[in-house]
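For reference, the structure is listed below as structure tokens.
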Amino acid sequence: MSGKYNRKDHLYTKAKEEGFRGRASYKLLELQKKYRILRRGGRVLDLGCFPGGWLQVAGEKVGPQGLVVGIDLKAIEDLSNAGRGDYQNVVALVGDMRDECSLQRLRELSPDGFDTVLSDMSPALSGIRFRDAFLSAELVGIAFSTAQQLLKNGGSFVAKIFPGEEADELFQEMKGWFVRLERVELGSTRKTSSEFYLVGTSFIRPNTQGEEISRIG
């Protein structure tokens, strides 16, 4: 990363004005505009959901008939305090996806799985590029492992990652699991950040994987 970090940029200010929990909300809105990963009535899992900006966007896009479940190591403040809505379709859990009991709680909330799995998780940044890239890829690996278990056939997956050898390896590993997989840099990302997103659409469940790969190969 280079350049001067400015926490209170124009998107930070816009988020405050519009009642979003953070500027990251605009990243998901940008992804939604391009890929339509959130649909009315859909079920969405948001990994690393603190402080709740992605929960807000997802909750509004899926509507009252949908369900959004977020999980993070930190508790989320009541989203209705933001003044954008009551978010009755959003459930925020405190938990760690490396813990089997967290996975079980998600299965109980949505037994048939999720249409979309999101991860905006980021490690505590050290400024050491190779270390941050390694830890970022580790988090994406956890997110993708979760998606392999909970994402519905045909579903979508989004995860933030930092560039590096590990990111390249993950991209290759994930290719066979989606009809379409892309690396995306967002206009709403801070100019000082090197992050990008892995976006996979039309997830291929294991029992159909061989057939689908043959068809699209």
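Per-structure values
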quantity	calculated
Distance (nanometres) between label positions extended 7 Å along Cα→Cβ at ASN153 and VAL94	3.9 nm
Modelled FRET efficiency - R0 22 Å, ARG105 with GLU138, Cβ distances, 0.05 increments	0.50
Those GluC sites (Glu not before Pro) in the stretch 1-89 that DSSP places in a loop and that have at most 13 other beta carbons within 10 Å	GLU77
The chain, Cα convex hull volume normalised per residue, Å³	120 Å³
Amide N proximity, the stretch 149-175 versus PHE130 label position 7 Å along Cα-to-Cβ, cut-off under 13 Å	164-166
Highest-first arrangement of 164-172, 121-129, where packing means the average Cβ count within 10 Å	164-172, 121-129
Separation of alpha-carbon centers, the stretch 44-85 and the stretch 103-122, rounded to whole Å	13 Å
Relative contact order (%) - criterion: Cα under 8 Å, at least six apart; region: the chain	18 percent
Extension gain from ARG84 to ARG40, taking 0.36 nm per residue of separation minus the Cα-Cα distance	14.1 nm
Counting DSSP beta bridges with both ends in the stretch 10-216, the antiparallel % (nearest 5)	35 percent
Distance cut-off 13 Å, percentage of C-alpha pairs in the stretch 52-125 lying past it	68 percent
Burial ordering of LYS152, LYS27, fewest other beta-carbon atoms within 10 Å first	LYS152, LYS27
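Laboratory data are not the source of any read-out in this text; all were calculated from the coordinates shown. Quantities reported herein were computed from a predicted structural model and do not represent experimental measurements. Counting neighbours? That spans all protein chains shown, and the Cβs are built from the backbone with ideal geometry, glycine included.
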